[in-house]
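Visitor: Once you've had a glance at the structure underneath, I'll fire off some questions.
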Amino acid sequence: MNDGGFENDYDYDGDGTDGDELTGLLRGELSREELAVAVERLRGSGDARLALVDTVAAHAALTAAARTLRSPLRVSGPPAGAEAALPPLELPRRSLRRPRWVAAAVAAVVVLGAGVGTVVGWRGLSGTPARPPAAVRSVTLQPVSAATASGEVTMADEPASEAVPRTRMQITTSGLAPAGPGRFYYAWLFDPQTNKMLPLGLVSAGGANQFEVSDDIVARYHAVDISLQDDNGDPRHSATSVLRATY
């Protein structure tokens, strides 16, 4: 256990080599001969490269802790008699030697461990991948049999937190006449090539209506259709379309 509280006891080649060699590699404190040996081990051992990743993570964590300890925590000065601030947290050093050629050699080590390095760069030290912004697209609802009506369909990808990717679909209508007693407006997904239709749900004569649909279902259809339905218990499309948008 070192003074920083981090234990690194890897023996990644089975010959007694431990985390001190990796720490020295990161700090640029190995001799030319020691560096050559370390590079050869890293080239030939996946466990060695994983050990290097863990050492990098530990080094970064200790460096961040040192910055935190050095940061002022109070706006005003410390009260009289207060103890002095803790010294910066340091990794144990072998020596202060830092040959100029070490940087290029360490860069070569990073290149040969590119597979592991890519994982670290993508995940970050926290292990959480960055989430891309949601993709949003919209299409205009065109009148079919309601000449004064209009609307818009907006589709946005839901955050990737569910097992099944989903699309949030918002259907906004305006200018539709009231459906009247015993009738209602209904939204459908529609495939113009096959005339296949899938019911989405009720739509108001004016305003926004939201639905969630799995991405694979959205991909199977290519249009949104708004129909005027009779409340007669028949679940099929009434064949009276008032608005339609192709996406």
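Nothing in this text is a laboratory measurement; each read-out follows from the coordinates by a stated rule. Predicted model only: the values in this text are computed from it and were never measured. Using ideal geometry, Cβ is built from the backbone for each residue, glycine included, and neighbour counts are taken over all protein chains shown.
Visitor: Loop only by DSSP, 13 or fewer other Cβ within 10 Å of the Cβ. Give me the trypsin sites (Lys or Arg not before Pro) in the stretch 184-247 that pass, ordered by residue number.
Guide: 236
Visitor: Along the three principal axes, how long is the stretch 136-246 when you take its alpha carbons, biggest first, rounded to the nearest angstrom?
Guide: 42, 26, 25
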